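The values are calculated or read from the model by the stated rules, or taken from the named source; none is laboratory data. These numbers come from a predicted model, not from an experiment. All Cβ positions, glycine included, derive from the backbone under ideal geometry; neighbour counts span all protein chains shown.
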Amino acid sequence: MTSIVRHPKNFWIGIIFLIVGLAAVILIQDNEMGSAGRMGPAYFPTVLGGLLALVGLADIIRAFIGRRSEAHDAIGTFHIRDIVIVLGAVVLFGLLMRGAGLAVAAFVLVLLSAYASKQFRLKGALLLAVGLAIFAVLLFVKLLGLPMPIVGPWLGGV
């Protein structure tokens with residue numbers, strides 16, 4: 001049976017982007033918007049949600065246009081294990097942030113997220129985790145001056 005949707009991946013990712021973008025706009029509307037010169041707490045999430053919804057709408061439109069490509073555009077399997085690992089890494093980052101500090105939380109986040117990949121190699125993942133943890137500390141704590149502990153109280157930091 002043929003479908004009018006020529007590119008299923010574009011269609012479904014467009015639906016997801018559209019829903020998430022519109023949800024962001026709707027959920028933040030109780031806060032003050034402000035203006036471009038004096039942004040309120042709703043300004044950035046509203047603009048970002050609107051842009052995400054536009055990208056989603058563009059993807060949905062693209063799904064109906066062009067030549068059908070069944071071989072390259074078939075929807076693959078749903079990798080629940082990888083999704084759980086990445087979401088767990090993000091939750092663990094939030095839990096570790098205050099107690100262990102930014103350096104440890106970023107290291108664990110990158111290492112666990114890399115583990116979700118089929119091309120996971122421990123040596124490469126460790127190098128990437130160390131590099132990104134150092135980068136996060138330099139960017140957020142040193143350059144931007146955000147009040148984040150580099151090493152938290154669980155590990156003897158401040």
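Computed quantities for the displayed model
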| quantity | calculated |
| --- | --- |
| Subset of segment 1-49 that is under 17 Å from Arg62 (Cα atoms) and not in a helix (DSSP H, G or I) - its residue that is modelled with the lowest pLDDT | Ser3 |
| Odd one out for Leu57 among (1) closer than 27 Å to Leu155 by Cα; (2) touching a residue at least 40 places away in the same chain (Cβ under 8 Å) | (1) |
| Subset of segment 60-70 [of a type outside the set (Lys, Arg) and either in contact (Cβ under 8 Å) with a residue 60 or more places away in the chain or surrounded by 13 or more Cβ atoms within 10 Å (Cβ to Cβ) (or both)] | Ile60, Ala63, Phe64, Gly66, Ser69 |
| Selection count, segment 103-158, where residues are closer than 21 Å to Ile85 by Cα and not in a helix (DSSP H, G or I) | 6 |
| Segment 63-111, residues that are more than 21 Å from the chain's Cα centre (by Cα) and modelled with pLDDT of 90 or more | Gly99, Ala100 |
| Unique residue being surrounded by 17 or more Cβ atoms within 10 Å (Cβ to Cβ) and more than 18 Å from Ala89 (Cβ to Cβ) when the list is Val104, Val141, Val108, Val151 | Val141 |
| Hits in segment 36-67 - residues which are more than 20 Å from Ile19 (Cβ to Cβ) and touching a helix residue (DSSP H, G or I) at 6+ places or on another chain (Cβ under 8 Å) | Ala36 |
| Criterion: modelled with pLDDT of 95 or more and under 30 Å from Pro8 (Cα atoms) - qualifying residue of Ala114, Ala125 | Ala114 |
| Filter result (surrounded by 15 or more Cβ atoms within 10 Å (Cβ to Cβ), out of contact with any Lys or Arg (no Cβ under 9 Å at 6 or more places or on another chain) and of a type in the set (Phe, Trp, Tyr)) within segment 1-59 | Trp12, Phe17, Tyr43 |
